[in-house]
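First up is the structure itself, then whatever we jot down about it.
Read-outs throughout are calculated quantities, based only on the coordinates presented, and are distinct from any laboratory measurement. These figures come from a predicted structure and were not determined experimentally. Neighbour counts run over all protein chains shown; Cβ positions are idealised from the backbone, glycine included.
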Amino acid sequence: MSKTSDDKTRVPPVPETVAIALDYDPLTAEDAPRVIAKGKGYMAERILEIAFEKGIRVREDADLAQILAAVDVDTEIPFEAYLAVAEILAYVYNSNNQLPPTAQAGT
């Protein structure tokens, strides 16, 4: 049975996928992480595909994505996002069994 626009039962729309790509070089610590790509729908799916193809860790955080989606590409993340992004960077380094380069330089 197919549904038509006259049906009373509707499937709720699926929220669009949002993806934000960040770049951060801890060796130039005076700079905050930057948004290098962002997108919704198809563009978000492409960003995720590229990340998976390159072995880049992906973390889902809808609240942070909402904050970062308002940031222009090639712009530093806002101060309000520092803690959340720091936690994600710690997760990535831990998942890769690495220390950030600045921490390695002292050892």
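Tabulated data for the structure shown
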read-out: Karplus 3J(HN,Hα) series, Hz, for the stretch 93-99 with 6.51 cos²θ - 1.76 cosθ + 1.60 (x for Gly, Pro); value: 4, 5, 4, 8, 6, 10, 9
read-out: Per DSSP, loop trypsin sites (Lys or Arg not before Pro) in the stretch 22-100 with at most 10 further Cβ within 10 Å; value: K54
read-out: Inverse mean reciprocal Cα-Cα distance (Kirkwood Rh) of the stretch 15-81, Å; value: 12.4
